[in-house]
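The values are calculated or read from the model by the stated rules, or taken from the named source; none is laboratory data. Model, not experiment: these values are computed from the prediction. Here the Cβ is made from the backbone with ideal geometry for all residues, glycine too, and neighbour counts use every protein chain on show.
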Amino acid sequence: MTLPRGFKAQAEREAQRLRTELALTAGDPLPLDRLAAHLGITLVSADQLVNRSRLEEIERLQAFAFSAATFEVQQRRFVVTNPLRTPGRLASDVAHEIAHQLLRHDLSEIRVIEGVPFRTCKPDEEEQATAFGGTLLLPRPLLMRAALRGDGPAEIAATFGVTIEMARFRYNTTGVARQVQRRSS
Amino acid sequence: MTGPPDGQPVEVEMLDVSQLGRLVRERRGGQSLRLAASEAGVSFSTMSRVEAGAQPDLASFTRLCAWLGMPPSRFFTPVAARPAEPLDQAIAHLSADPRLSTDAAKAISGVLREMYANLAKTAAPSKPVVACHLRAASVMRPGVPQRLGALLADIHSALEDLVVREAGR
């Protein structure tokens, strides 16, 4: 599966537009709670709604079986997160869910889990949300500034509260490392 | 270990004979016993005994069910525990209507069955579809889907309560 032509550039523009609306500079980490509130989305930790032991039981049976979910209840949108995740992973999950909303993905697919039907998105839309979520957290100008400072994926992950995997993915796929190398040579 | 001796059934479902007798009597309506028995393909005495509440042999029981237009399984579960399907009820009433010939009742029942099969499909699903995008593993280990399904449904209910509470403030 590949992203539509022009998707990455559009995602960068959209990420920049949102950062401007939130009055963030190119070097600021993205405050996901502020972004969610800005978009009319409420972030809720699942353990505020159900007993935490149920989440722990599912996690024992299968790690990462449940990460996050967006619910629409009476025209209100809620992103419900799993409190058992690390802060970095939580950021990826929330950014992914918000990306679905920004991309206006319809919940057109029906996925049935033990008799309960859930409306969800198409697989290619999942890929788009993952890519856009990464762009929201680490847009190219932010990565460029960090790379020029000499920061690698580990430092970027620590500074901006994301997982090392996410920092490495963005660092490598945006080509900032090559660009910085060319400048210094 | 305690339990029934080998070869003994654990539980015997009883045939609901009184209901069979009542329905046969209703279906016969104003028809003579002899004519109804002939139509149903059972003997006059069987028809008479069934209406009086006796249990028929299996062959007669099957023929009477076909004549009533009802599945034999209908008579094997306690009526109170099994709600009658609206379609079965409608067809039972048609079959019992003395103003309708057997062919007329069958023709109307056929139309009803067809319409029900077509139109019932468009009805809303028995469980409401939960609007929810889910970031979860695509392949789940045994025991996980059940717990996750219940968890998400409960989260949805809790959010509905939250919205109602906040609207009341």
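Exactly one residue among B:His156, B:His133 is crowded, with 16+ Cβ neighbours inside 10 Å, modelled with pLDDT under 80 and within 14 Å of chain A (Cβ to nearest Cβ), and that residue is B:His133. In region A:170-179, the residue that is modelled with the lowest pLDDT out of those that are assigned to a helix (DSSP H, G or I) and crowded, with 18+ Cβ neighbours inside 10 Å is A:Val176. Tell me, which residue of region B:137-151 that is more than 7 Å from chain A (Cβ to nearest Cβ) and over 15 Å from A:Phe64 (Cβ atoms) is modelled with the lowest pLDDT? Per the stated criteria, the residue is B:Pro142. Output the residues belonging to region A:150-163 that are free of Cβ contacts under 8 Å to residues at least 40 places away in the same chain and surrounded by fewer than 18 Cβ atoms within 10 Å (Cβ to Cβ). Within region A:150-163, A:Gly150, A:Gly152, A:Ala154, A:Glu155, A:Ala158 qualify. If you go through region A:100-131 and pick out every residue that is modelled with pLDDT of 80 or more and more than 8 Å from every other protein chain (Cβ to nearest Cβ), you end up with 12. Within region B:17-28, residues that are more than 14 Å from B:Cys65 (Cβ to Cβ) have Cβ atoms under 6 Å from residues that are modelled with pLDDT of 85 or more in these pairs: B:Arg25/B:Glu51; B:Arg28/B:Ala36, counting only partners at least 6 apart in sequence or on another chain.
Each row is one residue, and each column tells you yes or no for (1) at pLDDT 90 or above; (2) in the same structural domain as B:Ala104 (by the TED database); (3) among the β-branched types (Val, Ile, Thr).
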residue	(1), (2), (3)
B:Ser43	yes, no, no
B:Met47	yes, no, no
B:Glu51	no, no, no
B:Asp57	no, no, no
B:Thr62	no, no, yes
B:Cys65	no, no, no
B:Met70	no, no, no
B:Ser73	no, no, no
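If only residues of region A:53-74 that are touching a helix residue (DSSP H, G or I) at 6+ places or on another chain (Cβ under 8 Å) and assigned to a helix (DSSP H, G or I) are counted, the one that is surrounded by the most Cβ atoms within 10 Å (Cβ to Cβ) is A:Ile58.
Here A:Thr25 fits the description: more than 30 Å from B:Arg165 (Cβ to Cβ), part of a loop (DSSP other than H, G, I, E, B) and more than 10 Å from every other protein chain (Cβ to nearest Cβ). In region B:8-31, is there at least one residue being at negative phi, among the polar types (S, T, N, Q) and modelled with pLDDT of 85 or more? Among the residues of region B:8-31, at least one is at negative phi, among the polar types (S, T, N, Q) and modelled with pLDDT of 85 or more, which makes the answer yes. Among the residues making up region A:1-22, a single one is part of a loop (DSSP other than H, G, I, E, B) and under 21 Å from A:Gly40 (Cα atoms): A:Leu22.
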